[in-house]
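Structure first, commentary second.
The values are calculated or read from the model by the stated rules, or taken from the named source; none is laboratory data. Fair warning: this is a prediction, and the values are worked out from it, not measured in the lab. Methodologically, a virtual Cβ is constructed for each residue, glycine included, from the backbone with ideal geometry; neighbour enumeration extends over all protein chains shown. Side chains are part of the model used for accessible areas, which takes the heavy atoms of the whole protein and leaves out ligands, DNA and RNA. Shrake-Rupley method; radii C 1.70, N 1.55, O 1.52, S 1.80 Å.
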Amino acid sequence: VGLNWKGFTVLDMQQIIKHMVVVEVAADTVIVEAGDIISKLMFVLQGQAGSTIPLQQGFCDFPYEMGHFLGETSLLVGVIERHQIKAVTATVNGQTFETTKIGMMSPEALVRINSEHHDLGQKIIRMLVQSCIKKIKRTEQSYATIEDPLRIENKFAEEENSDGRIVRVDTMIRGLKEVQEKHQSFGYIAAADVDEVMGIMSHNSMLVKVSEGGQVIHANKLADCVLLVMEGTVEIRQDGAKGQLLAVRETGEYVGEEAWLAHKREPGVIVRGADVFAATNVTLATFSFENLTALNINQPKIALGMFTKMAGLVVSRHMSVLQQNAQPSSSSHTQDATDSISVNARERAQAAASVASLVRDLGAGGAKPADDGPVDLSPQIKKSKALAALMYPKHVAVKMLMSCQGMSRFWHGFDHNDLRILANEMMMLHMLKGETIIERGKKAVFVGILVKGSADVVAPDGTQIARMEKANLFGEIALFLENSKRSCDVKASDTEAVVAGFKLTDLPKFYTRNPVLGLKTVRLFSEAATCKLKESALMLESKMERYLPEPISTAAIYHRLQTVHKIAGSALSEVVRYSDLYTLSQHMTMVRFQPGDLIIKRGNVGTCIMLIIEGEVEARMGFDAKSRLLGKRQAGDFIGEEAFLEGYAVNCERKASVFAGLREVEAALIWHSQMTNLNETNPLATLKMYSRLGERLVMGRLVDLHKRGVIDMNLKSTAGLGVSHLEDIEEMAEGNE
């Protein structure tokens, strides 16, 4: 259930359990006192804890639910814990817990885990950093203002009708009907039901007119509504009215819908990432998140049509980008990248050619393509369903779906009751090695998750494009694209493969019976479809970072690292011990940039971390050197570490662009793949580097909030996890050796 724990396998959890102590605390008992210095990793195993956080305007109650960490910022950074955390009475799935169970693990145990399983310590540090960043964002967002509801212009009240409200409703219904007839913005609605549905929608929305040039959505404000363009055009821009144009939305399209589709993770704290302006005089229908939530419960069938349409528009836009990138003219990435020093990038380039040939076939599937096997109910499929029903009864299916939560990027956040309902609603298929799960060219009619075994994605020429492991979703793009057909074969590659899936024709019934769970499921399938298309487009567009290496020896790199390490207060001196510099230099490469050169481009896939050896760089919000300045970094500082610590996403995009300053910049970089190699040879040094990078990142965020007056923190902190605990542990470990 805990979103922090995604990416951990059952084996990982077993290793953590070996080094963990469990403490049971009665309700209203203080677990962490304000002013404490945290020295152990703590997280909620059962029940719930809570704290009251003082803000500039009042207080905010913060719940700590199953899987949440306690005091991780104090542990990682070394600052004194600012809030009291108590155990509270909690009701989960109808069961009331009067006590809270807390799992605790010492830094010494973390080192032992990492020495035995080299990647597990890194996972835990990354998880701690991400939990800290989420809470910092939540604190920051608690100060962001919510979007002001846009007001209706007086012209509607001036129309020839004594009752202005009726005029507005009639005007709204007419406008909604027209948009639905031309663009089907609410999905398919039978002609006989249009008037009734539009009446319902009119009572859940508000009509707004904005003059040309007016601002519709403000960046950095809390998202609180979805807008439907009923007439006119709006522009989405980065960094103000004169900033870079990101996209255009026209009549029948939604604006701000991605915030609603992402609303599942942390309700109420989704912040707008861009500004929206009226390119012409526009008429908009605004649907507040509150009204959409009520609509989903009261009218789930209507809500499903609207939400799948929103997701469909998002998926279609990413599909268009992907198809454009798949055209032969833009396939320069298939050339031999001998000038690239990224092994990762070369591997992706080799795969891109196969992907490009398949992507051109995605989308509309031609005239009445055949159905997928699971709907045909062929003898093979009937046999697989019958076998699955015997081998995997419902209680086993629940456990299989639950085990996927810790491994999947998208399939998580379900409680036990959710999984029980899903196990009852989803069909199970048991496929033997070599049997076809999805067949190329057939109409897509089901969506599912691989709950056991593995499967191969195979191109028409028989080339294996990818291996799908347990917890992978597939078929989700078809959920949002009408008449789409399968672009490749998917075959069971393990001794057996078990699939849990929905027939697309069964989803409306499931959604109507379980609207809250249905919305959660649609949102995760939407996220999976969007991310996969986006990542494929990045790969085809060759947005993987590549740099020309400087012909320089390891000894010379080592000498440069020594020089930078001596700079007082440099990130390198805090992140890497002097005695570890030579080991680090063996895994680094030197690169050089001229003044004004683009070093990191926003939107590119992060593949490395850089250490500035000489010169100064500027981080900017946009794609050119004139966009808003975010900050500067000097010799001895790292750049690109945030993307590295962001988590387990396959492709992690850069959030800002970085340019060389007024002087030539020399930098040493280490590819993410090289960090893995470094971890194999020196796991403790790598663990310290991870923890210290995370410590600096989190501390930087906290100091920024402190300077802006958002929080009041004691900056006279103790040493954090990366500085004190691990240093002492390393000395102890060396003594034992």
P(r), alpha carbons of the range 184-271 - 10 Å bins starting at zero, rounded %: 14, 41, 34, 11, 1
Summed residue charge, Cβ within 9 Å of Thr280's Cβ, Lys/Arg positive, Asp/Glu negative: -2
For Ser185, net neighbour charge (Lys/Arg +1, Asp/Glu -1) across residues whose Cβ lies under 14 Å away: -2
Heavy atoms of Glu482: accessible area, 1.4 Å probe, square angstrom to 10: 150
Accessible area, probe 1.4 Å, largest first, for residues Glu496, Glu680, Glu642, Glu181: Glu181, Glu680, Glu642, Glu496
Residues whose placed amide H lies under 5 Å from that of Leu630, excluding near-sequence neighbours: Ala619, Arg620, Met621
Label-reachable residues, the range 90-119, where backbone N falls under 13 Å from a point 7 Å from His19's Cα toward its Cβ: 104-119
Gyration tensor (alpha-carbon) shape descriptor, the range 590-669, a/c threshold 1.5: oblate
Amide hydrogen neighbours beyond the local backbone of Gln244, cut-off 5 Å, H modeled: Gln238
Amide H within-cut-off set for Ile599, under 5 Å, with H built and near neighbours excluded: Val658, Phe659, Ala660
Residue order for Ile438, Ile200 - accessible surface, 1.4 angstrom probe, largest first: Ile200, Ile438
Extension gain from Lys137 to Glu290, taking 0.36 nm per residue of separation minus the Cα-Cα distance: 52.9 nm
Calculated FRET value between Lys626 and Lys101, using beta carbons and R₀ = 51 Å, to 0.05: 0.40
Segment Lys182-Leu11, length gained on full extension (0.36 nm per residue, minus Cα span): 56.2 nm
Cα centroid separation, the range 465-482 to the range 618-634 (Å): 37
